[in-house]
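The values are calculated or read from the model by the stated rules, or taken from the named source; none is laboratory data. Only a predicted model underlies this, so the values are computations on that prediction, with no experimental measurement involved. When we count neighbours, we look across all protein chains shown, and the Cβ atoms used for this are built from the backbone with ideal geometry, even at glycine. Note: areas computed on protein heavy atoms with side chains; ligands, DNA, RNA excluded. Shrake-Rupley method; radii C 1.70, N 1.55, O 1.52, S 1.80 Å.
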Amino acid sequence: MNIETFSEADLPVLNRLQPADWGMMYPFYAYYLSHENCTPLKLTQFEETLAIGAVIRHEDSAWLAHIVVDEQYRNKGLGKQITKALIDLIDPVKYTSIYLMATPLGLPVYKSLGFEVESLQSFYRRDDLAWLSDNLLSQSIKPVQHHEYEQILELDKQISGEKRAYRLLDGIETAFVTHRHGRVSGFYLPNVLEGPVLANNPEDGLDLLKYRLSQKNEAVVPDDNVLANQFLAQSGMTKYRYASRMRLGKHRPYQADQVFNRYSGQIG
């Protein structure tokens, strides 16, 4: 078996490997191929792709994402092999923490490589949309101003423990924000990945989450955010699965209770 770089010519193989309960992988792998901070890999045998995965590098931390093994070849150690190859691409001196989101299927594999569970994330959905139409826009929510971009980046760093400005800047101009004491206290990024909502206080976090749910009928929140979970359950949303946020390396101050909707499985 060989570990090789995943290329543009490999994109069609995603149709075969696509997990039924995941979002479409094609746009993510297209993104990985077009950004120098990302490296996608494939594990092949006799020119057939059996497993894939990607590394995403931030300033001093990294994420592993979209690790998938062909269903016909599972339970043969291929998941561990491709994951180890991804880890080997990461300089442990520069990138002192490596993260990933694990499904129950992948959890034992990642534990065997030294990853520790930091928190759980619960997935919610509801069939109808715009069910919060009477609460579309709290008076405290405003469109972002250009001079507030740095405040969003700083708030993200305080909550996540990571420096990942380049990813937020992709859609920061369409953000909605709340304020406390003259500074940004929460934000919603509708055009970044799954539409993250982060806030340093529960009132603003819930206001922004409600606004997000006027546009989207799914949400993913850490179990540590008890208030957000209670609100989603009481609002009639159904919890249908969970994932484990895992870490290899240095612990960072991740404020899970201030995350009111995650970014995605690739950067938390």
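Let me make sure I get this right: for the range 90-192, a, b and c are the square roots of the gyration tensor eigenvalues over alpha carbons, sorted descending. Under 1.5 in a/c it's rounded, otherwise prolate if a/b > b/c, else oblate. Which is it?
Numbers: a/c = 2.78, a/b = 1.42, b/c = 1.95.
Because a/c hits 1.5 or more and a/b fails to exceed b/c, the range 90-192 counts as oblate.
Nearest 0.05, what FRET efficiency do Arg126 and Asn37 give at R0 = 35 Å with Cβ-Cβ as r?
0.50
Can you work out the base-10 log of I(q)/I(0) for the range 1-137 at q = 0.14 1/Å, using the Debye formula on its C-alpha atoms alone?
Each listed q maps to, in turn, -0.70.
Take the cross-link list Lys111/Lys239; Lys76/Lys163; Lys42/Lys157 and give me the ones stretching past 29 Å between alpha-carbons.
Beyond 29 Å between Cα atoms: Lys76/Lys163; Lys42/Lys157.
Which ³J(HN,Hα) values, rounded to whole Hz and listed in residue order, are derived for the range 71-85 from phi using the Karplus coefficients 6.51, -1.76 and 1.60 in 6.51 cos²θ - 1.76 cosθ + 1.60 with θ = phi - 60°, glycine and proline given as x?
For the range 71-85, the Karplus-derived couplings read 3, 5, 10, 6, 6, 10, x, 6, x, 5, 5, 5, 5, 4, 5 Hz, x marking Gly and Pro.
Once every DSSP H run of n ≥ 4 in the chain is given -39500 (n - 2.57) and the sum is divided by its residues, what mean residue ellipticity at 222 nm do you get, rounded to the nearest 500 deg cm²/dmol?
-7000 deg cm²/dmol
Go from 0 up to the bin containing the longest alpha carbon distance in the range 153-268, width 10 Å each, and give me the % of pairs per bin.
So the P(r) values, bin by bin, are 13, 50, 32, 5.
Per residue, how much accessible area does the chain show when a 1.4 Å probe rolls over the protein heavy atoms, in square angstrom?
Solvent-accessible surface per residue comes out at 47 Å².
At 1.4 Å probe size, with the rest of the protein present, what percent of the exposed accessible area of the range 72-112 is carbon and sulfur atoms?
55 percent
State, to one decimal in nm, how far the label point of Asn201 lies from the label point of Glu173, with both points 7 Å from Cα in the Cβ direction.
According to this spin-label approximation, the distance is 3.1 nm.
Taking the Cα atoms of the range 224-268, what is the range of coordinates along each of the three principal axes, in descending order and whole Å?
38, 18, 14
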